[in-house]
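Visitor: After the structure tokens below, expect a handful of questions from me.
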């Protein structure tokens with residue numbers, strides 16, 4: 001797989017996370033079993049659901065922006081490295097960004 005293809009795959013993933021975060025941040029996703037920050041606590045109380053999912057949706061948008069930016073910047077920073085190294089660096093950014101979204105969501109949930 002070429003470095004150019006890797007760049008655009010991860011850029012697309014960043015855009016996907018932004019698109020998934022927007023309806024959550026806007027409070028347009030009702031409690032459900034498929035999409036959102038789903039725990040027994042959020043599914044059991046709509047007020048908690050909307051609070052946690054609005055916060056997590058905003059965080060998901062930020063994570064998507066970071067992932068997309070990293071996808072564009074890492075090929076320049078890692079110029080001359082193998083495509084596998086570039087892919088691994090992008091995966092690392094994605095795991096870190098989404099891990100922070102999860103941690104902050106759990107922190108927000110803990111306040112209830």
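The values are calculated or read from the model by the stated rules, or taken from the named source; none is laboratory data. Every value quoted in this text rests on a predicted model; they were computed, and no experiment measured them. Positions of Cβ are backbone-derived with ideal geometry, glycine not excepted, and every protein chain shown enters the neighbour counts.
Visitor: Would you mind telling me which numbered condition in (1) exposed (fewer than 15 other Cβ atoms within 10 Å of the Cβ); (2) on the phi > 0 side of the Ramachandran plot residue 36 fails?
Guide: With (1) exposed (fewer than 15 other Cβ atoms within 10 Å of the Cβ); (2) on the phi > 0 side of the Ramachandran plot applied to residue 36, the lone miss is (1).
Visitor: Is one or more of the residues making up segment 27-34 touching a residue at least 24 places away in the same chain (Cβ under 8 Å) and not in a helix (DSSP H, G or I)?
Guide: yes
Visitor: Can you list residue pairs whose Cβ atoms sit under 8 Å apart, with the first residue in segment 69-83 being on the phi > 0 side of the Ramachandran plot and the second being modelled with pLDDT of 95 or more and part of a helix (DSSP H, G or I)? Count only pairs 6 or more apart in sequence or on different chains.
Guide: That search, which allows pairs on different chains as well, returns nothing.
Yes/no matrix, rows are residues, columns are (1) in a loop (DSSP other than H, G, I, E, B); (2) touching a helix residue (DSSP H, G or I) at 6+ places or on another chain (Cβ under 8 Å); (3) closer than 28 Å to residue 1 by Cβ; (4) without any contact (Cβ under 8 Å) to a residue 60 or more places away in the chain:
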site: 14; (1), (2), (3), (4): no, yes, yes, yes
site: 42; (1), (2), (3), (4): no, yes, no, no
site: 54; (1), (2), (3), (4): no, yes, no, yes
site: 101; (1), (2), (3), (4): no, yes, yes, yes
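Visitor: Tell me whether segment 59-70 contains one or more residues that are buried (at least 18 other Cβ atoms within 10 Å of the Cβ), at pLDDT 95 or above and either farther than 30 Å from residue 2 by Cβ or touching a strand residue (DSSP E or B) at 6+ places or on another chain (Cβ under 7 Å) (or both).
Guide: yes
Visitor: Please state which of the following conditions residue 81 fails to meet, knowing it meets all the rest: (1) assigned to a loop (DSSP other than H, G, I, E, B); (2) crowded, with 20+ Cβ neighbours inside 10 Å.
Guide: Exception for residue 81: condition (2).
Visitor: Can you find a residue that is buried (at least 18 other Cβ atoms within 10 Å of the Cβ) and on the phi > 0 side of the Ramachandran plot anywhere in segment 7-25?
Guide: Looking through segment 7-25, none of the residues is buried (at least 18 other Cβ atoms within 10 Å of the Cβ) and on the phi > 0 side of the Ramachandran plot.
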